[in-house]
1. In nm, what is the difference between 0.36 nm times the number of residues separating residue A:104 and residue A:39 and their Cα-Cα distance?
2. For the residue pair residue A:60 and residue A:3, what label-to-label distance in nm results when each label sits 7 Å from Cα along the Cα-to-beta-carbon direction?
3. Considering only protein heavy atoms and a probe of 1.4 Å, how much of the accessible area of chain B is carbon and sulfur, as a whole percent?
4. Whole-Å semi-axes of chain A's equivalent ellipsoid, largest first, each the root of 5 times a Cα gyration tensor eigenvalue?
5. Considering only protein heavy atoms and a probe of 1.4 Å, how much of the accessible area of chain A is carbon and sulfur, as a whole percent?
6. If you count only protein heavy atoms with a 1.4 Å probe, what accessible area per residue comes out for region B:1-106, rounded to a whole Å²?
7. Return the aspartates and glutamates within reach of residue B:38: Cα separation strictly under 15 angstrom, same-chain partners fewer than 8 residues apart disregarded; answer none if there are no such residues.
8. For the pairs B:18/B:53; A:111/B:41; B:9/B:36, flag any whose C-alpha to C-alpha distance is greater than 20 Å.
Amino acid sequence: QKEVEQNSGPLSVPEGAIASLNCTYSDRGSQSFFWYRQYSGKSPELIMFIYSNGDKEDGRFTAQLNKASQYVSLLIRDSQPSDSATYLCAVNGGNQGGKLIFGQGTELSVKP
Amino acid sequence: DTEVTQTPKHLVMGMTNKKSLKCEQHMGHRAMYWYKQKAKKPPELMFVYSYEKLSINESVPSRFSPECPNSSLLNLHLHALQPEDSALYLCASSQGGQSWGPQHFGDGTRLSIL
């Protein structure tokens with residue numbers, strides 16, 4: 001069983017719509033949750049992190065965490081073609097030092 | 001511009017060569033990381049340094065040798081690599097300490113082994 005799973009892509013949304021990216025994790029001791037955006041040929045860029053249950057908003061991005069359900073999501077409002085990228089969910093377990101466990105990534109395509 | 005700087009950006013080397021990848025950060029972070037990333041795959045952790053000491057080695061072959069000369073610098077020494085080692089090598093840093101903090105990646109070094 002994979003430790004971090006993301007919904008399979010590619011995910012295609014029209015410009016201006018809300019893109020919803022989902023991630024589940026298996027380690028109940030996980031404490032820190034991250035979303036990275038990676039453009040083709042580039043390095044991952046941190047866009048959101050969340051440590052507590054609930055929502056965290058930053059501009060057009062909202063991260064949602066539900067530790068009881070072991071679920072974390074990323075919502076992108078007013079999606080733009082420039083949001084087209086692969087989004088990586090990463091989880092840091094409480095007893096794994098600095099090790100991040102990455103999901104396989106979801107490719108998002110925003111169509112004009 | 002990223003706050004984690006990696007050099008070189010591209011590297012082509014033969015299987016008998018010795019080369020080094022370099023990483024520098026000036027964010028006062030005390031944890032630094034090396035990752036390897038293949039196309040269409042997530043980054044794969046290789047090494048973690050915490051307060052200049054190696055804390056995680058993910059069973060990486062000995063042809064990869066990390067070094068942390070000080071809290072701002074991280075090197076990865078390469079020797080006798082194989083074609084399958086061709087990949088994007090990413091350095092990252094984070095606050096470190098008990099909470100570790102978010103990891104910030106450099107732009108990476110794209111390595112090709114002939």
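The values are calculated or read from the model by the stated rules, or taken from the named source; none is laboratory data. Please read all numbers here as calculations on a predicted model, not as lab measurements. Counting neighbours? That spans all protein chains shown, and the Cβs are built from the backbone with ideal geometry, glycine included. Just the protein is used for accessible areas: all its heavy atoms, side chains included, with ligands, DNA and RNA removed. Shrake-Rupley method; radii C 1.70, N 1.55, O 1.52, S 1.80 Å.
1. Full-extension gain reported as 22.0 nm.
2. 3.3 nm
3. 49 percent
4. In descending order the semi-axes read 23, 15, 12 Å.
5. That fraction is 45 percent.
6. Per-residue value: 50 Å².
7. In chain and number order, the partners are B:84, B:85, B:107.
8. Violating the 20 Å limit, Cα to Cα: B:18/B:53; A:111/B:41.
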